[in-house]
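Undergrad: Got a structure here, written out as structure tokens. Questions coming.
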Amino acid sequence: MSENKVKITVKGKTIELPIRSGTIGPDVTEISTLYKKTGIFTYDPGFISTASCESRTTYIDGDKGILLYRGYPINEVAENGDFLEVCYLLLHGELPTQVQKKDFDYRVQHHHMVHEQFSRFFHVFRRDSHPMAVMIACLGAMSAFYHDSIDITNPHQRMLASLRLIAKMPTLAAMSYKYSIGQPFVYPLNSLGYAENFLHMCFSIPCVEYKVNPILARAMDKIFILHADHEQNASTSTVRLAGSSGANPFACIAAGIACLWGPAHGGANEACLKMFEQIGSVKRIPEFIARAKDKDDSFRLMGFGHRIYKNYDPRAYIMQQTCHEVLNELGIKDDPLLDIAIELEQIALHDKYFIEKKLYPNIDFYSGIILKALGFPTSMFTVIFALARSVGWVAQWKEMVEDPAQKIGRPRQLYTGEVKRTYVSIKKRK
Ligand code: ACO
């Protein structure tokens, strides 16, 4: 490697590739001319060594356990700010002044309601539909309901779509929950804060007065803050790739939700709680730990490990504290699933296999426990993740659309299939 260049020799021909530096984090070598100059592609399944874009939004140092939103450490943001402040920060790049925050809160509040016909849209689904399936459909449908904000070349429409998304996700998420349990939809209340409003729409019913507990609302808000963005993870990369073709923001977010649903990503919090249920009692933990270590068994401990964080997940630390606050507030002491979670955490933190492979409890491990304590069924866990991540998705989508260097995403491949063959008619095939 010469200074600020990577030298690469292919079939006797040496070329130099430029190295670019960000403000922090590893440098990158720019390989866009590699194919033209050498005739070879790079091969990196899972993007282990590949930066897919330039971004100013979120920074992660997985070895040091650092997560910054627009430069601000996640713990400082989570302790001092609220979710809408984080939304403003991610969208605009700066923390709002008091006046800007008041105006932003007002604008989000006034977009909470969804088109009245949306309530009829829900009724086409079976009651037992997974709410993530319903959410993917809802986001697709938003392009139809709000087509005055899908012209991606118009900055005003881009911001309007972003605000609508942030404001309507809690309403749609709560509606998908209410529909699944056969209760009437609850309209948003603009006098409530963002997280309070979500709890109100999920848990209040017309016949009983519902007062939102401020400690639980704060916990909900922290869950939203901690899930708001996480640089180029699978679902965000999906949103960017979908958006690179010029697709509208709501369609792109629908794609992101679909990706998030997978158990290796956002579906892990649901999978984690299901795993506690499968384990059933503290006595059976060693059996499952042995399975997680067995190379011939596909079982993995859900809620453990992270592609990027190989030291600890800074969000998991905040979530762990919040988890204890919520359980204290609700007076939950003898929950069998919680006992399993606490024991698993201790065993895995001291077990050689998990230490050597740097597998620590991730954010999903604790968020699942909190959401269960708040009263959400497991099927809603990933929906709540999607709700919070929407701001990250839309902020990164906007950043991409506004980037003059943006091109349609089109990866290449290493083809290992059959080479050219002659077609044989069906009558002659053996
Ligand atoms: N339980 C047991 N072993 C594990 C686990 C686990 N949860 N996670 C990784 N390993 C082992 C692998 O078997 C592998 O072992 P090997 O080196 O002997 O082959 C090694 O650790 C590395 O695993 P990879 O899958 O290569 O690590 P990767 O960085 O690709 O995967 C992932 C990260 C997908 C998160 C993985 O740890 C996992 O599946 N965890 C469980 C699911 C989960 O909690 N996902 C949530 C992620 S956080 C989020 O999306 C918000």
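The values are calculated or read from the model by the stated rules, or taken from the named source; none is laboratory data. Being a predicted model, the structure only gives us computed values, none of them experimental. Counting neighbours? That spans all protein chains shown, and the Cβs are built from the backbone with ideal geometry, glycine included. Just the protein is used for accessible areas: all its heavy atoms, side chains included, with ligands, DNA and RNA removed. Shrake-Rupley method; radii C 1.70, N 1.55, O 1.52, S 1.80 Å.
Undergrad: What number of residues within the range 68-99 satisfy the criterion of being exposed (fewer than 13 other Cβ atoms within 10 Å of the Cβ) and closer than 17 Å to V394 by Cα?
TA: Looking only at that region, the number is 1.
Undergrad: List the number of the failed condition for E196; all other conditions in (1) in contact (Cβ under 8 Å) with a residue 40 or more places away in the chain; (2) not in a loop (DSSP other than H, G, I, E, B) hold.
TA: Of (1) in contact (Cβ under 8 Å) with a residue 40 or more places away in the chain; (2) not in a loop (DSSP other than H, G, I, E, B), only one is false for E196: (1).
Undergrad: Here's a check for you: in the range 335-349, which residue that is touching a residue at least 24 places away in the same chain (Cβ under 8 Å) and β-branched (V, I, T) is most open to solvent (accessible area, probe 1.4 Å)?
TA: Taking the candidates together, the pick is I347.
Undergrad: Just the residues that are within 13 Å of the ligand (Cβ to nearest atom) and open to solvent by 80 Å² or more (accessible area, probe 1.4 Å), please, taken from the range 264-290.
TA: Of everything in the range 264-290, those that are within 13 Å of the ligand (Cβ to nearest atom) and open to solvent by 80 Å² or more (accessible area, probe 1.4 Å) turn out to be A264, K274.
Undergrad: Now for a different question. Exactly one condition in (1) farther than 30 Å from V401 by Cα; (2) in contact with a Gly (Cβ under 8 Å, 6 or more places away or on another chain) is false for A242; which is it?
TA: (1)
Undergrad: For the list (1) loosely packed, with under 15 Cβ neighbours inside 10 Å; (2) more than 11 Å from the ligand (Cβ to nearest atom), I need the number of the one condition that F299 fails.
TA: Of everything listed in (1) loosely packed, with under 15 Cβ neighbours inside 10 Å; (2) more than 11 Å from the ligand (Cβ to nearest atom), F299 misses just condition (2).
Undergrad: Could I ask something else about it? Looking at the range 39-47, can you tell me whether even one residue there is within 16 Å of the ligand (Cβ to nearest atom), modelled with pLDDT of 95 or more, open to solvent by less than 70 Å² (accessible area, probe 1.4 Å) and assigned to a loop (DSSP other than H, G, I, E, B)?
TA: Yes, because at least one residue in the range 39-47 is within 16 Å of the ligand (Cβ to nearest atom), modelled with pLDDT of 95 or more, open to solvent by less than 70 Å² (accessible area, probe 1.4 Å) and assigned to a loop (DSSP other than H, G, I, E, B).
Undergrad: Got at least one residue in the range 353-362 being within 20 Å of G267 (Cα to Cα), exposed (fewer than 15 other Cβ atoms within 10 Å of the Cβ) and modelled with pLDDT of 90 or more?
TA: no
Undergrad: Only residues that are at pLDDT 90 or above and away from the ligand (no atom under 13 Å from the Cβ): list them for the range 302-320, please.
TA: Residue satisfying the conditions is I318 alone.
Undergrad: Additional query: Just need a number here: residues in the range 398-412 that are within 18 Å of F41 (Cα to Cα) and free of Cβ contacts under 8 Å to residues at least 24 places away in the same chain.
TA: Matching residues across the range 398-412 total 2.
Undergrad: Just checking, which of T422, T382, T378, T416 is in contact with a Gly (Cβ under 7 Å, 6 or more places away or on another chain) and of a type in the set (S, T, Y)?
TA: T382
Undergrad: Determine, yes or no, whether R240 is among the charged types (D, E, K, R), over 20 Å from the mean Cα position of the chain (by Cα) and under 30 Å from Y59 (Cβ atoms).
TA: In short, no.
Undergrad: Taking into account only those residues within the range 375-388 that are open to solvent by 20 Å² or more (accessible area, probe 1.4 Å) and out of contact with any Lys or Arg (no Cβ under 9 Å at 6 or more places or on another chain), which is farthest from the ligand (Cβ to nearest atom)?
TA: Here the residue is G375.
Undergrad: Something else about it: Name every residue in the range 193-243 that is more than 16 Å from the ligand (Cβ to nearest atom), open to solvent by 20 Å² or more (accessible area, probe 1.4 Å) and small (G, A, S), in order of residue number.
TA: G193, A242
Undergrad: Residues K102, K168: which one is outside any loop (DSSP other than H, G, I, E, B), of a type in the set (K, R) and either on the phi > 0 side of the Ramachandran plot or surrounded by 14 or more Cβ atoms within 10 Å (Cβ to Cβ) (or both)?
TA: K168
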